[in-house]
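Down below is the structure, laid out as structure tokens.
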Amino acid sequence: MRDILIAGGGPAGLAAGIRAAQLGLDCAIIEPKPAPIDKACGEGLMPAALERLEALGVRDIDGHPFAGIRYVDAYDPARTATGDFARPGLGVRRTELHRRLSQAADRAGVERIQGHVDQVDQRASHVSAAGHLARYLIAADGLHSQIRRQLDVALEPRRPSRFGVRRHFRRPPWCDRVEVHWGSRGEAYVTPVGPETVGVAFLVPDGGRFDELLDHFPVLAARIHGAESVSKARGGGPFEQRVERRVVGRVLLVGDAAGYLDPLTGEGVALGVATACAAVEAIAADAPHAYERRYRSLTREYYWMTGLLLEISRRRWLHGTMIDMLDRVPPLFDGCLALLGGRARN
Ligand SMILES: Cc1cc2nc3c(=O)[nH]c(=O)nc-3n(C[C@H](O)[C@H](O)[C@H](O)COP(=O)(O)OP(=O)(O)OC[C@H]3O[C@@H](n4cnc5c(N)ncnc54)[C@H](O)[C@@H]3O)c2cc1C
């Protein structure tokens, strides 16, 4: 019998597999889609994500470095604030990230099975899923986790739903930071992902078509006017997923499946990798319940800061005040970034 079955081979599932192999555990990942998997994502890897990926042996990712984050008033290009990380982040096409993680998993000897986990059956000494047995199952099956639903640990969201849609444009990046344009419809993210490509992602309360949303961000629309679109629009959401607990018998929830608030702070991959590693380490120590406490400590700042920014997002009149304040006190912005993805925490 294997030590761990992992449902889902996105960043969190692959990270769990690699960490399990590092700790000498026998595991397999079950994922329905062939690699490399694309997905709606802002594609900004924060320094904490890079640090955690390096610890898993995932290096030499092909992307475009960014020094920090720039907040921009969606209607006034002169109103900006810039914060920097202690070390750069990296804008990376999602397919490249998935390719690198998959290669690292293969190098580590992690078995990858094409399949779909429908039903999880828990017994006193093991779990079974998709025809395989293991001592534990890690659910890394994403934002709308079917396994989380089966375990009946989902809670009602506290805030109105938000959705995202992203697309890429062939155009040299004009900024060496990830730009976040604050507007009345929501936020637009611009991430440099290559010397000739930028990704644009909208995060908005009620969804919408990409072109229609772009009309609400005039400063950004002027920047990408005439640039060739080089990918189809991809959407995601609703984002907020609250979870009562993440350890249910022999099943541990990680990554987006473990709970999510919003991509506003760009920490999804960093937290997916961090929570996946924490769950595997708890299993390796034969103390699966220790994972719940680790989860809370790893995600505390994320929930707090993202919640605060969501409140600001809903109040258009606060956007300019926030940008001006961060512009006037640069150490404040740098300090917030240090808390948000600036470095990996335990
Ligand atoms: C618009 C948008 C912008 C974002 N911007 C950023 C950003 O800039 N930086 C950042 O770090 N994060 C960002 N995120 C968040 C980030 O994309 C996620 O947090 C991250 O992908 C979570 O990884 P995961 O492995 O938990 O889930 P996923 O990447 O969703 O992977 C889950 C996997 O599980 C598989 N699966 C599903 N059901 C089953 C099943 N029943 N059995 C087996 N397999 C299954 C799926 O096929 C999928 O491959 C953004 C998200 C969105 C939507």
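When the residues of region 217-230 are filtered to those that are open to solvent by less than 40 Å² (accessible area, probe 1.4 Å) and either free of Cβ contacts under 8 Å to residues at least 24 places away in the same chain or of a type in the set (Phe, Trp, Tyr) (or both), which remaining residue is farthest from residue 140 (Cα to Cα)?
Within region 217-230, the first condition is being open to solvent by less than 40 Å² (accessible area, probe 1.4 Å), and the residues that meet it are 217, 219-221, 224, 227.
Now drop any that are not either free of Cβ contacts under 8 Å to residues at least 24 places away in the same chain or of a type in the set (Phe, Trp, Tyr) (or both), which leaves 217, 221.
On the way: 217: 34, 221: 36 Å.
The qualifying residue farthest from residue 140 (Cα to Cα) is 221.
Quick check on region 231-244. Is at least one of its residues assigned to a loop (DSSP other than H, G, I, E, B), touching a residue at least 24 places away in the same chain (Cβ under 8 Å), among the hydrophobic types (A, V, I, L, M, F, W, C) and open to solvent by less than 20 Å² (accessible area, probe 1.4 Å)?
Checked against the condition, which is being assigned to a loop (DSSP other than H, G, I, E, B), touching a residue at least 24 places away in the same chain (Cβ under 8 Å), among the hydrophobic types (A, V, I, L, M, F, W, C) and open to solvent by less than 20 Å² (accessible area, probe 1.4 Å), region 231-244 yields at least one hit.
Checking residue 30 against (1) among the β-branched types (Val, Ile, Thr); (2) near the ligand (Cβ under 9 Å from one of its atoms); (3) open to solvent by 10 Å² or more (accessible area, probe 1.4 Å); (4) outside any loop (DSSP other than H, G, I, E, B): exactly one of these is not met. Which one?
(3)
When you look at residue 18, is it part of a strand (DSSP E or B) and over 17 Å from the mean Cα position of the chain (by Cα), yes or no?
Answer is no for this residue.
Can you tell me which residue is least open to solvent (accessible area, probe 1.4 Å) among those in region 186-216 that are within 15 Å of the ligand (Cβ to nearest atom) and among the acidic types (Asp, Glu)?
Here the residue is 187.
Give the number of residues within region 245-265 that are within 12 Å of the ligand (Cβ to nearest atom) and open to solvent by less than 20 Å² (accessible area, probe 1.4 Å). Reasoning before the result, please.
Here is the first cut: in region 245-265, the ones within 12 Å of the ligand (Cβ to nearest atom) are 253-265.
So of that shortlist, the ones also open to solvent by less than 20 Å² (accessible area, probe 1.4 Å) come out as 253-255, 257-259, 261-262, 264-265.
Within region 245-265, residues that are within 12 Å of the ligand (Cβ to nearest atom) and open to solvent by less than 20 Å² (accessible area, probe 1.4 Å) number 10.
When the residues of region 33-44 are narrowed to those that are open to solvent by less than 50 Å² (accessible area, probe 1.4 Å) and near the ligand (Cβ under 6 Å from one of its atoms), which ends up farthest from residue 333 (Cα to Cα)?
37
Give region 282-312 a look and list any residue that's over 18 Å from residue 245 (Cβ atoms) and either open to solvent by less than 20 Å² (accessible area, probe 1.4 Å) or of a type in the set (Asp, Glu) (or both), or say none. Reasoning before the result, please.
Initial filter on region 282-312 (over 18 Å from residue 245 (Cβ atoms)): 284-286, 301, 304-312.
286, 301, 305, 306, 307, 309, 310, 311, listed by residue number.
Which of the residues spanning region 13-26 are within 14 Å of the ligand (Cβ to nearest atom) and open to solvent by 10 Å² or more (accessible area, probe 1.4 Å)?
Just the residues of region 13-26 that are within 14 Å of the ligand (Cβ to nearest atom), to begin with: 13-19.
If the condition is that a residue be within 14 Å of the ligand (Cβ to nearest atom) and open to solvent by 10 Å² or more (accessible area, probe 1.4 Å), then 19 is the only one that fits.
Filter region 116-169 down to residues that are of a type in the set (Gly, Ala, Ser) and on the phi > 0 side of the Ramachandran plot and give me whichever is least open to solvent (accessible area, probe 1.4 Å).
Here is the first cut: in region 116-169, the residues of a type in the set (Gly, Ala, Ser) are 124-125, 128-131, 134, 139-140, 142, 145, 154, 161, 164.
Among the residues that remain, those that are also on the phi > 0 side of the Ramachandran plot are: 130-131, 142.
On the way: 130: 49, 131: 85, 142: 24 Å².
Only one residue fits best here, namely 142.
Has region 51-70 got at least one residue that is open to solvent by 10 Å² or more (accessible area, probe 1.4 Å), closer than 20 Å to residue 262 by Cα and more than 13 Å from the ligand (Cβ to nearest atom)?
Yes, region 51-70 has at least one match.
The values are calculated or read from the model by the stated rules, or taken from the named source; none is laboratory data. This is a predicted model, so every value here is computed, not measured. Positions of Cβ are backbone-derived with ideal geometry, glycine not excepted, and every protein chain shown enters the neighbour counts. These accessible areas exclude ligands, DNA and RNA; they are computed on the full protein's heavy atoms, side chains included. Shrake-Rupley method; radii C 1.70, N 1.55, O 1.52, S 1.80 Å.
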